[in-house]
Amino acid sequence: MPRGGARLLQGGPIAAEIRQAVAEDVAAYRERHDRAPVLAVVICGRDAPSMVYLQQILRSCEKVGIEGRLVEVDGEAAEASVVETIRELNADPAVNGIIVQMPLPPTIRLRSVVDAIDPAKDIDGIHPLNAGLLRLGYDGFLPATAHAAVEILRRSGIEIEGKRAVVVGRSAVVGMPAAFLLVRENATVTVCHSRTRDLKHHVKDAEILVVAAGHPGLITGSMLRRGAVVVDVGINVVDDKLVGDVDFESARRVASAITPVPGGVGPLTNALLLAHLARAAHAQADAEPGAAAASRTRASVGSANQPLTRGAT
Ligand code: NAD
């Protein structure tokens with residue numbers, strides 16, 4: 001462990017590298033197709049807590065040459081109109097990727113909305129087809145946050161293979177996909193959740209700990225194994241400040257490496273979403289009738305989303 005505490009795994013510089021690669025990739029796309037790739041962000045009512053996050057995404061799109069479109073559905077709208085809006089975006093050849101504001105208003109069923117998204121435009125990997133591809137180890141779109149939680153380890157040179165990894169949280173968008181990705185990386189993975197007995201016992205065993213529970217201070221330094229690598233996915237507001245699920249000050253004295261909040265997984269999530277969009281745009285263009293065969297062999301930054309496992313069963 002470095003003197004003076006854990007190594008900080010900063011997402012910012014890695015995100016900047018990814019954004020730079022995406023910007024170059026998007027410039028090539030624009031040159032070739034004479035149009036910008038388009039991300040549609042569907043929102044149901046502007047007062048949603050995720051609005052700040054979505055506006056950040058739209059700003060990031062602009063910086064790399066992606067056109068971000070905010071598609072508003074009335075906050076009081078029926079489920080059918082949200083589904084219809086998504087179907088229209090699916091059918092619009094100019095739109096390459098679709099993300100939907102979460103959480104949805106309580107009157108709208110998540111499943112109906114998720115099922116409506118064209119899997120080829122589902123750049124945040126929430127459609128069952130993409131979830132299934134991940135589960136089976138095939139290439140699909142990964143949920144950006146789970147992707148970021150594992151990508152920050154890979155790009156920081158943290159060895160994952162053979163390590164005991166513990167994921168705290170089993171949500172469909174973060175905990176479970178992060179666990180599957182760690183298995184792909186050949187870690188031995190335990191998933192803990194709200195009904196786990198003796199969380200401390202499991203956490204103490206972790207050489208790599210990924211925490212996505214949405215509870216500030218859930219994990220403290222005394223719970224950690226000395227030298228553990230900690231990825232804090234949590235985003236919580238406490239006394240007007242953003243904090244993770246891990247008590248940073250106590251954890252950094254025990255861990256060998258830790259992601260800060262803010263500045264860890266968050267920036268990488270955002271950058272990977274852009275990379276997924278660029279990949280979707282290229283894949284759709286390559287699938288158009290008459291697309292040059294040569295373009296199908298092009299290396300793209302979308303390869304950040306290629307299968308992670310290397311030949312293991
Ligand atoms: P969620 O509420 O859907 O899931 C939380 C999970 O944590 C559940 O599976 C639950 O079983 C588990 N959990 C809750 N309390 C627990 C406890 N005491 N012990 C063990 N497990 C417990 O949340 P989510 O959408 O998966 O998000 C998790 C966190 O990640 C939130 O803080 C969210 O804000 C954050 N998040 C961050 C990013 C990012 O880019 N960094 C993106 C999305 C979500």
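Below is a table of values for the structure above.
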{"item": "Proximal lysines relative to residue 163, as straight alpha-carbon distance under 25 Å, when same-chain residues fewer than 8 apart are discounted", "result": "200, 204"}
{"item": "Calculated P(r) of segment 32-182 - Cα pairs past 25 Å, %", "result": "34"}
{"item": "Ranked list, fewest to most other Cβ atoms within 10 Å of each Cβ, for 193, 201", "result": "201, 193"}
{"item": "Interchain or long-range residues, amide H under 5 Å from residue 100's placed H", "result": "42"}
{"item": "The chain - mean residue ellipticity at 222 nm from DSSP helices (-39,500 (n - 2.57) per run, n ≥ 4, rounded to 500)", "result": "-12500 deg cm²/dmol"}
{"item": "Span from the segment 79-114 Cα centroid across to the segment 253-291 one, whole angstrom", "result": "21"}
{"item": "Nearest-20 debye value, the chain charge dipole, Cβ charges on Lys, Arg, Asp, Glu", "result": "1300"}
{"item": "Cα radius of gyration and Dmax for the chain (Å)", "result": "19.5, 61"}
{"item": "Values of log10 I(q)/I(0), in the order q = 0.26 Å⁻¹, for segment 175-234 under a Debye, Cα-only, solvent-free model", "result": "-1.33"}
{"item": "Projected label distance in nm at residue 111 and residue 215, using a 7 Å step from Cα toward the beta-carbon", "result": "2.8"}
{"item": "Order of 53, 138 - criterion: other Cβ atoms within 10 Å of each residue's Cβ, fewest first", "result": "138, 53"}
{"item": "Cα Rg, Dmax (largest Cα-Cα span) when computed across segment 110-169, Å", "result": "13.6, 40"}
{"item": "Chain lengthening between residue 84 and residue 53 when straightened (0.36 nm per residue, less Cα-Cα)", "result": "8.8 nm"}
{"item": "Candidates 161, 288, 24, ranked by Gaussian network fluctuation over the chain, Cα under 10 Å, top entry", "result": "288"}
{"item": "Of 280, 179, 80, the one that fluctuates the most in a GNM where the chain has Cα springs shorter than 10 Å", "result": "80"}
{"item": "Considering only the chain, percent of DSSP beta bridges that pair antiparallel, nearest 5", "result": "10"}
{"item": "Theoretical gain in end-to-end length, residue 74 to residue 34 [0.36 nm per residue, Cα-Cα removed]", "result": "11.1 nm"}
{"item": "The chain: DSSP helices with Cα axial extent of at least 27 Å and average Kyte-Doolittle hydropathy no lower than -1.0", "result": "11-33, 265-287"}
{"item": "Sorted by Cβ neighbour density within 10 Å, fewest at the top, the residues 223, 51, 102", "result": "51, 102, 223"}
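Any read-out appearing in this document is the output of simple, stated calculations on the displayed coordinates, not a laboratory observation. Bear in mind that the values here come from a model prediction, so they are computed numbers and not experimental data. FYI the Cβ positions are ideal-geometry reconstructions off the backbone, even for glycines, and counts take in every protein chain you see.
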